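Below is one structure, written out as structure tokens; comments come after it.
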Amino acid sequence: MRGAGPGDYVGGMSVEAARAAEVLAQLSDQTRLRAMAELVHRGGEGATLAELTFILDLPLAKVGDACARLVGLGLATGTGNGVYRARPEGLREAADAVDRLQPITALLAGYPQLRGNFSHGRLTSLPPTLSDRYELIGELLARFLALDGLYAEDEINRRLAAVTDEVAGTRRMLVDTGWLERDRAGTTYGPGRPLPEPAGNAVR
């Protein structure tokens with residue numbers, strides 16, 4: 001039987017996502033978090049269990065368990081009474097896995113010029129109003145909304161809240177760029193115009 005791969009699913013969650021969740025959960029423990037922070041601070045020099053025990057002012061057994069768990073998570077290297085060193089790329093790998101779970105990540109692959117407007121799957125800024133990218137980000141978000149009929153404002157807001165904190169401003173931008181059409185009462189929304197084929201929007 002083969003081992004689980006990155007795209008496999010365990011309990012409804014991909015193995016990659018489950019690992020990222022485990023890393024974050026383990027670091028919620030104060031001792032592990034403090035030990036990780038100290039190892040990062042030490043850099044390539046690292047620290048022994050005795051040194052960490054003294055710095056953290058905690059029992060040796062507790063610090064030893066924390067370091068063993070960090071090693072098991074791929075966040076540190078070291079064994080026994082040897083020198084432990086942080087492996088910060090393990091945190092980056094977990095963060096990247098979480099980013100890939102964000103609902104807009106897959107769509108952003110087709111809009112590389114808009115990646116700077118997002119951080120960890122969230123819209124952080126809009127391009128200048130008169131720029132080509134302003135129109136393009138409306139197209140991206142219209143594709144994300146995937147409207148196939150008329151929807152109440154609450155539903156539009158709910159969908160946009162998955163990718164932005166500025167729901168009202170983003171909704172207005174979609175109306176201004178024509179990707180979202182609002183009725184005269186201002187309570188119902190639908191697609192403003194057809195979306196182009198995905199292959200045609202990768203570069204502009």
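The values are calculated or read from the model by the stated rules, or taken from the named source; none is laboratory data. All of these numbers come straight from a predicted model, not from anything done at the bench. Here Cβ is always computed from backbone atoms with ideal geometry, including for glycine, and neighbour counts include all displayed protein chains. These accessible areas exclude ligands, DNA and RNA; they are computed on the full protein's heavy atoms, side chains included. Shrake-Rupley method; radii C 1.70, N 1.55, O 1.52, S 1.80 Å.
The helices (runs of 4 or more DSSP H) found wholly in segment 59-162 and carrying at least 1 residues that are under 18 Å from the mean Cα position of the chain (by Cα) and among the hydroxyl-bearing types (Ser, Thr, Tyr) occupy 105-108. Taking the conditions (1) modelled with pLDDT of 90 or more; (2) open to solvent by less than 40 Å² (accessible area, probe 1.4 Å) in turn, ARG133 satisfies each one other than (2). Looking only at residues of segment 5-30 that are surrounded by fewer than 17 Cβ atoms within 10 Å (Cβ to Cβ) and assigned to a loop (DSSP other than H, G, I, E, B), we find that the one that is modelled with the highest pLDDT is ASP29.
So is LEU33 closer than 10 Å to ARG85 by Cα, under 26 Å from the mean Cα position of the chain (by Cα), hydrophobic (A, V, I, L, M, F, W, C) and in a helix (DSSP H, G or I) or not? No: the conditions fail for LEU33.
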